[in-house]
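Enquirer: My questions will all concern the structure given below.
The values are calculated or read from the model by the stated rules, or taken from the named source; none is laboratory data. What you see is a predicted model; the values in this text were computed from it and never measured. Glycine also receives a Cβ, built like all others from the backbone with ideal geometry; neighbour counts cover every protein chain displayed.
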Amino acid sequence: MAKETKKDTPNKALKNEAPAVTTSVEETFALEYEKDRKNMRIAIIGAVIVHIIFFLIQVPEIIAQPEEAKKTKVYVVQQVRFKPPPPKQQQDIPKQRAKKVPIPDPTPDEPEPIRLPDDIDQPEIDMPDTDIIFGIPEGPPPAEPEGPIRVGGDVAPPVKITSPPPQYTEIARKARVQGVVIVEAIIDKQGNVTNVKILKGLPMGLDTAAADAVKKWRFEPATLNGKPVAVIYNLTVNFRLQ
């Protein structure tokens, strides 16, 4: 009996220790399950928060898009095409002549004058009071020149009337200078000499004496078609010692 008691004692200890090991494993699984559930809850809550934030960001943009679409106006330009008017058909409408209504003759016994039909047009000829002159009419007279012109063609040269001789200067007389002085001057419509210019002169004051002498000369003016005109004319003054 004593031996059986010794053998049963270790078995009982083993039986008492086995449930303790089983309990610790279950607790470990329970703790891991609780951790997984917490992690799952945190992940779901985080996903929900992320979706809420995304929804809050996107909803105003989605709402604003229809309003912007309403604000933007699209204008469509259509090209206006004008149709040409249809051609008018010209119809020759015959003109109706007015009917003549006869007027009763108040004096049937008197003879009526002979009248030509009204349809015949009688041309009226205006005869001039004067005789008809055949020929080409003369043109208007040529216009008079505004300024002095050169002698030549239809311009008749002026004719000298008086020409006082030039006065010798004392120094030229002593030096016995002789020769010709040529001047260019304007002879106006009255025959006076103006605007004297020396073309060829002599020394010792003879060119000045020639210009002074020419200014005292008088001419019959040059003429163009019988009318006096101013001309540009060259004059010659001789200096000779006796």
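Yes/no matrix, rows are residues, columns are (1) without any contact (Cβ under 8 Å) to a residue 60 or more places away in the chain; (2) under 25 Å from V155 (Cα atoms); (3) in the same structural domain as K160 (by TED's automatic domain parsing):
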residue: V177; (1), (2), (3): no, no, yes
residue: V180; (1), (2), (3): yes, no, yes
residue: A185; (1), (2), (3): yes, yes, yes
residue: G191; (1), (2), (3): yes, yes, yes
residue: N195; (1), (2), (3): yes, yes, yes
residue: K200; (1), (2), (3): yes, no, yes
residue: W217; (1), (2), (3): yes, yes, yes
residue: L224; (1), (2), (3): no, yes, yes
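Enquirer: Further question on the same structure: Can you give me the number of residues within the stretch 165-193 that are in contact with a strand residue (DSSP E or B) (Cβ under 9 Å, 6 or more places away or on another chain) and basic (K, R)?
Expert: Matching residues across the stretch 165-193 total 1.
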